[in-house]
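Before any comments, here is the structure.
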Amino acid sequence: MVLDLTLLYRGPLLSCNYGCDYCPFAKRSQTAAELAIDQQALQRLVNWIQERPVSDHLSIFFTPWGEALIHPWYQRAIAQLSHCPQIVKVAIQTNLSCRLEWVETCNKAKLGLWITYHPSEVLRHQFLQQCLDLHQRHVRFSVGIVGLKAHQAEAQALRQALPDPIYVWVNAYKRQANYYTPADIADFTAIDPLFGINNQVYPSFGRPCRTGQSVLSVDGDGNLRRCHFIPEHLGNLYQSGFEQTLQPRPCTNATCRCHIGYVHMPELGLDQVYGAGLLERIPEPPTRDIPTLFG
Ligand code: SF4
Ligand code: SF4
């Protein structure tokens with residue numbers, strides 16, 4: 001059976017070099033033994049992909065709990081995967097604090113980065129330098145920021161400093177109801193024309209979602225779930241026959257709040273907004289050609 005599948009990978013990594021106060025993984029560290037388990041789990045995934053038929057169409061999106069790219073085994077794995085014929089796209093969420101030479105070992109045509117700027121953790125000019133370096137290396141990426149009101153000036157500065165074709169997103173802060181005033185929404189939408197898409201909680205119960213059919217969440221042991229937000233176990237990637245679980249199934253959660261989830265709801269049509277950049281959140285066409293949506 002030819003697999004046409006997106007895997008959302010979240011392995012045993014639970015640590016980060018940054019200390020953002022809005023994050024449970026801030027400054028968490030792991031022992032060498034724990035990190036070795038993470039490395040082994042990642043290698044198992046890479047081996048599995050390399051052994052799949054070359055006719056497969058696989059996309060991998062790394063959504064770690066923590067920062068992965070500071071570890072050389074993630075850099076090597078992404079480079080290896082980007083050269084696999086089975087791979088259509090390999091993407092990862094990162095704070096971009098790593099050195100960047102490793103990207104030269106990748107097939108950049110298949111690489112996508114979702115980069116988050118954390119103003120409390122890095123100087124703006126250093127972060128921008130990293131982004132511009134990546135841009136000069138012809139790597140495709142989106143870059144954004146958590147939409148705290150206190151971040152508004154930083155978000156504006158980011159948008160102004162980066163070349164137009166680089167999409168700058170703002171992740172709506174949803175932990176507090178009615179957090180934004182209409183003026184806040186207008187300001188963030190001026191920075192990110194797609195802010196209105198993210199500044200929503202989508203009703204999803206009983207509605208179609210491609211997760212469980214052409215998208216699966218997988219952990220370091222190969223355990224499969226339809227998405228990161230629904231715990232129901234759907235088998236194991238490393239056991240034969242898991243493909244039989246792939247079928248259309250309505251969402252069982254009341255709502256869907258995150259880009260990495262709701263982009264797979266067909267009724268939202270977001271595959272047409274993001275095209276090949278759906279995972280790493282790069283809209284096609286560039287945002288300057290897209291009218292403000294969901295405003
Ligand atoms: S960089 Fe990301 S994972 Fe690390 S502390 Fe900040 S929000 Fe958490
Ligand atoms: S709509 Fe969201 S929560 Fe529901 S199945 Fe899809 S990704 Fe998961």
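What follows is calculated from the coordinates using simple rules that are stated; it is not laboratory data. Here the structure is a predicted model, which is why all the values come from computation and not from measurement. Using ideal geometry, Cβ is built from the backbone for each residue, glycine included, and neighbour counts are taken over all protein chains shown.
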Lys/Arg Cβ at +1, Asp/Glu Cβ at -1, dipole of the range 40-186 taken about the Cα centre: which of Ala177, Ala109, His57 is farthest positive-ward? His57
Using a Förster radius of 30 Å, what is the FRET efficiency between Val54 and Tyr238 based on their Cβ-Cβ separation? Nearest 0.05, please. 0.95
Fraction of beta bridges assigned by DSSP in the range 4-289 that are antiparallel (%, nearest 5): 15 percent
Debye calc, one equal point scatterer per Cα of the chain, no solvent, log10 I(q)/I(0) at q = 0.09, 0.11, 0.16 1/Å comes to -0.43, -0.65, -1.49
Taking the alpha-carbon centroid of each part, what is the distance from the range 105-125 to the range 19-93 in angstrom? 15 Å
Using label points projected 7 Å from each Cα along Cα→Cβ, tell me how many nm separate Arg28 and Thr255, to one decimal. 2.4 nm
DSSP loop trypsin sites (Lys or Arg not before Pro) in the range 68-111 with at most 12 other Cβ atoms within 10 Å of their Cβ, which ones? Arg99
Among the listed pairs Lys27/Lys149; Lys89/Lys149; Lys89/Lys174, give every one whose C-alpha distance is greater than 32 Å. Lys89/Lys149
Provide His138, His71 in ascending order of the number of other Cβ atoms located within 10 Å of each residue's Cβ, fewest first. His138, His71
Using alpha-carbon pairs under 8 Å, 6+ residues apart, how would you state the relative contact order of the range 4-289 in percent? 17 percent
DSSP-assigned coil residues among chymotrypsin sites (Phe, Trp or Tyr not before Pro) in the range 18-105, each with at most 13 further Cβ atoms within 10 Å: Tyr22
Order of Leu81, Leu14, Leu5 under a 10 Å beta carbon neighbour criterion, fewest first: Leu14, Leu5, Leu81
Counting Lys and Arg as +1 and Asp and Glu as -1, each charge on the Cβ, what is the dipole of the chain about the Cα centre in debye, to the nearest 20? 180 debye
Per-pair calculated FRET efficiency, R0 = 35 Å: Arg76 and Ala177 via Cβ, rounded to 0.05: 0.20
